[in-house]
1. Take the residues in region A:101-111 that are out of contact with any Phe, Trp or Tyr (no Cβ under 8 Å at 6 or more places or on another chain) and at the interface with chain B (Cβ under 9 Å from one of its Cβ atoms); name whichever of them is nearest to B:Gly50 (Cα to Cα).
2. Could you look through region B:98-109, keep only residues that are of a type in the set (Ser, Thr, Tyr) and within 12 Å of chain A (Cβ to nearest Cβ), and pick out the one that is surrounded by the most Cβ atoms within 10 Å (Cβ to Cβ)?
3. Here are A:Phe207, A:Phe225: which of them is aromatic (Phe, Trp, Tyr), over 25 Å from A:Gly138 (Cα atoms) and open to solvent by 50 Å² or more (accessible area, probe 1.4 Å)?
4. Applying the selection to region B:26-49, what residues are in a loop (DSSP other than H, G, I, E, B) and open to solvent by less than 50 Å² (accessible area, probe 1.4 Å)?
5. Could we say that B:Arg264 is of a type in the set (Lys, Arg) and over 22 Å from B:Lys30 (Cα atoms) here?
6. Give the residue that is least open to solvent (accessible area, probe 1.4 Å), with candidates limited to residues of region B:50-64 that are assigned to a loop (DSSP other than H, G, I, E, B) and more than 9 Å from every other protein chain (Cβ to nearest Cβ).
7. If B:Met115 satisfies every condition in (1) part of a helix (DSSP H, G or I); (2) within 11 Å of chain A (Cβ to nearest Cβ); (3) touching a Ser or Thr at 6+ places or on another chain (Cβ under 8 Å) but one, which is the exception?
8. Return only the number of the condition from (1) assigned to a helix (DSSP H, G or I); (2) buried (at least 23 other Cβ atoms within 10 Å of the Cβ); (3) within 14 Å of chain A (Cβ to nearest Cβ) that B:Arg128 does not satisfy.
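The values are calculated or read from the model by the stated rules, or taken from the named source; none is laboratory data. Since the structure is predicted, the reported quantities are computational estimates derived from the model, not experimental observations. As a convention, Cβ positions derive from the backbone with ideal geometry for all residues, glycine included, and neighbour counts pool all protein chains shown. Calculation scope for accessible area: heavy atoms of the full protein, side chains included, ligands and nucleic acids excluded. Shrake-Rupley method; radii C 1.70, N 1.55, O 1.52, S 1.80 Å.
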Amino acid sequence: MRRLLLISGLLLSSLAFASDHNNIEAGRPLRFDDAYSIAFRERAFEFGLSLDTFRRRGPTYGNKTEFKYGLAKNQDISVAFEPTYSSSERRGDIGNVEIGYFNGLRREIDNSPALAYRVDVGLPTGRGAKGLDLRFRGIATKALGQYDKVHLNLDLNMNTNPGPGERRHTVGAVLGYSKPLGYPRRFDQTLVADFAIQQSKNEGDGFVGSVGLGLRRQVSPRAVFDIGITSDIFSTKGAERSPVRFAIGYSVSF
Amino acid sequence: MKAITLLGITAIASLGLAQDHSGHQMAGMKKQTELPAMPRDMPAWLAAPGADHLFYKAAPYNWAINRIPKFAKDMYATGVGHAMAYEALVRGEASTLETKTFDTINWVLKNQPAMPVDEGAISPTFLRKYGYLEKVFDWAHTLHFQTIDVFAHPGWTDEQKEKEIERLWAFYEAQPYAITGLPMNMDYLDSFSYSMKFRTDYPKVNGLFWGYHWLQTVNYDMLYRVPVKDQAPQYEVLGARYHETELYKTDRDFMPMTAEMSPRFAKRFPQIANAFDNLHMLHDNVNDILAQPQLTEAQKQEQVKIAIYRVLATTHISETPGESEGKENSLHDHRHPPSMPGMGWMKGSEDDIMWMSGMGWMDMSACSHCSIPMPEGNPWGATVSAEGWTMMVRCLMCARDMAGETPGRAIIRAATNDPNRLLVLISDEEGNWTSNIDGIVFLEKYGEHPECSGWSRAFTTLAALEKYVSENPEYKDTKPLNLAEWAALNHGTPDTYRKIDKPNPYKPGPPPAKGGGR
């Protein structure tokens, strides 16, 4: 055990530092991405804990770990694991392994937004999972005023082998907002907020609309702490809602 | 010894020749009247739409700057100034630069962030218009920080650090945004129709910029080959000087040059010193372009791209330092003072003789105190940092006596008998010295100045001094001195000292009464 603690201590201390609080990524802590990849040759670990509450069942706990690598200029790749534990089912799920690719097409130039896209492939490693979960996300980031920014994410999701009663294709959209807090006197934190609408996977269910609010804070030259809360505020055709979802995370670059 | 004496005579003769020029008008470049035209071979990346963020070289020394917390915070704060000023300029708020923007920058410089600042996030409007320029700045700033980190890293020897600095330079140079490490003609780079606009119209903000260029360059001699434990104490002196004086100077003739502030580092890594100076000159060019109200937005965009082009490494491929034949006072003039390869060609320079702001005309090949040529090879003598300048001297006596002539605190960095142990002496306001080496002993047998690097030396141990004396019996009757005994000596200004008496090439009027041109 001591050795394990020592190894984890060494790992953390050697990583303990460049993720950038201004560079916003899905899950940390809300659902939207900005249109910028991590830097070329950057390596980053992102750790997150989440708690999803539901009206009709007990909460679900999630623990997401993602590794990213700046493959080339404006491009990164990632691999993520997100085991979960369902309190109502009293069992855990190793979850799908997600492999992602992000490509920043252009930065914001004059009045034209920054544009990017990302593709994620979920491998069916989770309990009862079948087929591949594919997601294509188009991303635009544009200034709003001087320092504030809006981010539009449009998602097309597909499962290659949907289960009975499940949709093969779903769509979603997130409108994100970010605002550095404290300028011009401090430069280490960004407020984030979003409004998302996501089509349910279940045929017959409609859309879920949600809002989120969070904060990303630089805690060292290489590390960012994030915290966020999301609430599903409406659903159509009986789609399941999560009244509150908490997320807390820590990202380090090295 | 004969050789040293001969060198001394030669130096005095050459200084005499230099003095013959007094009264002559030093030829500086005339300001150009036409805007520079867009070159045909502009690199394609300037039009590339990507953000192209680059990560620094992964290494164990990254962020070692935080081992000197006050210095690290001051360096982080420097990221704010240009970003805020550029943002104000592109948002049409130039009229606030000397008031509101100055106050805001100054507040940050006094209340520094604890972590590095994302300059692009502070200047989003500027970034949308001049994103290609940010790539050049960011990459050069990365080199700045990483070289500092290497020197501040406690785990490596000086030799390992020097090799890593060379690797960092290769890592930096591999990107198309890299600024050339060749010396450039600073007079030429400051001769365009828009040149000097910013420093003339916005002297307070320009003072801040040049103040932190002072900080960004003075630190290298504070760190280079200095044991990590002896770095932070020097910053107590330099940091105080930075906050009290250097940030608020509005009377500099020109931006601080790396070789003026850190001559030891600039001699060892001339390509990096030159790249930093070329970077700082690019900053000045951009300031001037953005501050020029007569230029249209399109003209500003074009001129900023041309300014970038001028200093890119890719613009000067296959060119060599020192080369200028037929290209004097042009973009491809890479002359440098013969004894200082890490310094571009300055206004009015003649070989090693150049004008240093606040000091007057200095000969970079000679001791700043006794005017005798610097000895070749190691030990290289010492440097003295005081009143914002850093000067090279031949020996410890010259260092002490020069520091003694200067008010305020001073730092001496001197060679010892051990090439791996640099002596760092720091004085308080009263001239009381402290040493980083316990038991340091000095040899000083006052004699002819051309031989001072032989009879004025420091030794890490008494045994080392005795060994030196046994090899040099002319010192056998000389009493070893401890720090207090040595510090109590003072031989004043040596009779070999020669003032170079010529007018300031930047401004009319007499040269300064003190300093090298005293």
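1. Among them, the one singled out is A:Arg106.
2. B:Thr101
3. Step by step, each of A:Phe207, A:Phe225 is checked, and only A:Phe225 is aromatic (Phe, Trp, Tyr), over 25 Å from A:Gly138 (Cα atoms) and open to solvent by 50 Å² or more (accessible area, probe 1.4 Å).
4. B:Met26, B:Gly28, B:Met29, B:Pro36, B:Pro39, B:Met42, B:Pro43, B:Ala48
5. It is true that B:Arg264 is of a type in the set (Lys, Arg) and over 22 Å from B:Lys30 (Cα atoms).
6. B:Tyr61
7. The number of the failed condition is (1).
8. Condition not satisfied by B:Arg128: (2).
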